[in-house]
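The values are calculated or read from the model by the stated rules, or taken from the named source; none is laboratory data. Please read these numbers as outputs of a predicted model, since none were measured by experiment. Cβ sites come from the backbone with ideal geometry, for glycine too, and all protein chains shown count toward neighbours. For accessibility, only protein heavy atoms count, side chains too; no ligands or nucleic acids. Shrake-Rupley method; radii C 1.70, N 1.55, O 1.52, S 1.80 Å.
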Amino acid sequence: SMSGHITFYLVRHGEAENNVRFLLNSAPVKKEYPLTEKGKQQIEAVAKSLASVGADALFSSPILRAKETAEMIAEATGLSTHFDDRLWEVGMGKFNERTQEELLKKYPEPEMRISPDEEDGMESFLGVRSRLEEFLDELKKEYIGKKVILVSHGDPLEQLHGILTKEGPGMAALGWYPEKGSCTEVVWEC
C-alpha cells in the first residue's frame, strides 16, 4: 500500500449566529445560522493566510456556517469546494436546537459522549470517528503528498485531529479543540 503523508489545514467555521446564542445545531438541520460579522472577519484572515500555502483541494461540511466559511476560502485560494456530509456536525439528537448548557447538564464530561444514552438519539464520538475514517481512506487514494483544506465543526475536527495524530476517541475528546475561525496545520503520516 502507498505510504506517505497529507498536509491538512483543519478550519473550524467562523463564529455563527447559533454560537452567539449557545444553540446546538446539527443534522437534521431545522434552522440555518449564518456567520456573524466577527465570524466573517475571522475567516477573512484565515482565507488570506491559506491563499499562500498552495493547497490542492478544499472540502467542507455543507451546513451553512461551514459553507460560508468555505466559500470565502475558495475565493481566496481559487479552489472549488467539495461538500461532504461526513464533515457534518455531530448529530445532537434531542439536544438539536437546544442550548449547550442543557447538553452539559446531562453530559458534563466529554468522554461520556463516546457512547451516549440511546434515548437521546445522539451520534456517538465513535460514530463520528467511523465516518471520518471512511472519508480519510478515500482522500488517501488521491492526495498523498498534497495539501488539503478541511472546513468542519468543533467536535468532528477534534476527533479528526485525534485520528491524524493517532489518539483514541477518549483522549481526543479531552485534548486539542479548535477555536471558532481557526486553522490548524496537521501532517498525517498515512
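Of note:
- Student exercise, the chain dipole from Lys, Arg, Asp, Glu Cβ charges, in Debye to nearest 20: 320
- Computed lengthening from Thr165 to Glu32, 0.36 nm per intervening residue step minus Cα-Cα distance: 44.7 nm
- Normalised by the number of residues in region 90-190, the average gap of Cα pairs under 8 Å and 6 or more apart makes the relative contact order 26 percent.
- Our summary gives the chain a relative contact order of 37 percent, counting only alpha carbon pairs under 8 angstrom and 6 or more residues apart.
- Counting only lysines at least 8 places from Lys67 when in the same chain, those with an alpha carbon closer than 18 Å to its own are Lys30, Lys31, Lys38, Lys40, Lys48, Lys180.
- In the elastic network of the chain, a GNM with C-alpha springs shorter than 10 Å, the most mobile of Leu160, Leu58, Leu139 is Leu139.
- Values (1) 41, 37, 31; (2) 43, 42, 25; (3) 56, 39, 30 are given for comparison; Cα extents along the principal axes in Å, derived from the coordinates here, is the one labelled (2).
- By average C-beta atoms within 10 angstrom, highest first, the peptides 178-184, 11-17, 61-67, 46-52: 11-17, 61-67, 178-184, 46-52
- Carbon + sulfur, % of accessible area of the chain - ligands and nucleic acids excluded, 1.4 Å: 50
- When the chain is treated as a GNM with alpha-carbon contacts under 10 Å, the residue of Asp84, Asp56, Asp137 showing the greatest mean-square fluctuation is Asp137.
- Taking amide H as placed 1.01 Å from N in the peptide plane, the amide H of His5 sits under 5 Å from that of Gly145, Cys190, each at least 5 places away or on another chain.
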